[in-house]
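**Q** Let me give you the structure first, and then I'll get to my questions.
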Amino acid sequence: MVKIFVCFLLIATIVLMKPAAAAQGLWYKGSCLPESNSDGRHITAWCKTIDGQKRLLARIDTNRCFAYSKGKLVCRRNGNYAASCRNIKRQNDFMLATCRGKRLSISTNLCIGNANGRLTC
């Protein structure tokens with residue numbers, strides 16, 4: 001019974017959140033417009049602030065958000081994947097890299113969010 005009540009509260013909180021606030025946090029793509037000139041390792045985007053009224057230019061080094069671990073690219077703060085990976089590129093929402101001879105990809109949305117107009121891990 002307690003689990004059902006907690007689930008209900010969680011769903012109610014998400015539904016009642018303001019759209020601009022709901023877009024904050026994980027999944028930066030919902031509240032940011034990526035710049036097409038971002039290089040593979042860096043993401044530059046215009047991100048909405050929490051009130052949703054303005055966009056700020058934000059930039060993040062993906063090396064701070066991803067790691068190469070056990071043959072995969074994974075989300076990890078200060079992951080330093082660039083120590084093991086080369087040929088880093090972005091294609092739409094994915095980051096592509098060759099890590100120890102293996103071509104890998106990961107969605108940037110999994111690891112990067114918008115915190116009041118700032119890109120964060």
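**Q** Just to check, using Stokes-Einstein with a Kirkwood Rh over alpha carbon pairs, what's the diffusion coefficient of segment 26-121 at 25 °C and 0.890 mPa s in µm²/s?
**A** 185
**Q** On to the next question. How much solvent-accessible surface does I88 expose, in Å² to the nearest 10, with a 1.4 Å probe and all protein chains in place?
**A** Per-residue accessible area (I88): approximately 40 Å².
**Q** Sticking with this structure for a sec: Anything over 22 Å Cα to Cα? Flag those among K29/K54; K29/K102; K29/K70, in the order listed.
**A** The pairs that break the limit, which is 22 Å between Cα atoms, are K29/K102; K29/K70.
The values are calculated or read from the model by the stated rules, or taken from the named source; none is laboratory data. Computed from a prediction, not measured in an experiment: that's the story for all the values here. Quick note on the areas: whole protein, heavy atoms, side chains included, nothing else; ligands and nucleic acids left out. Shrake-Rupley method; radii C 1.70, N 1.55, O 1.52, S 1.80 Å.
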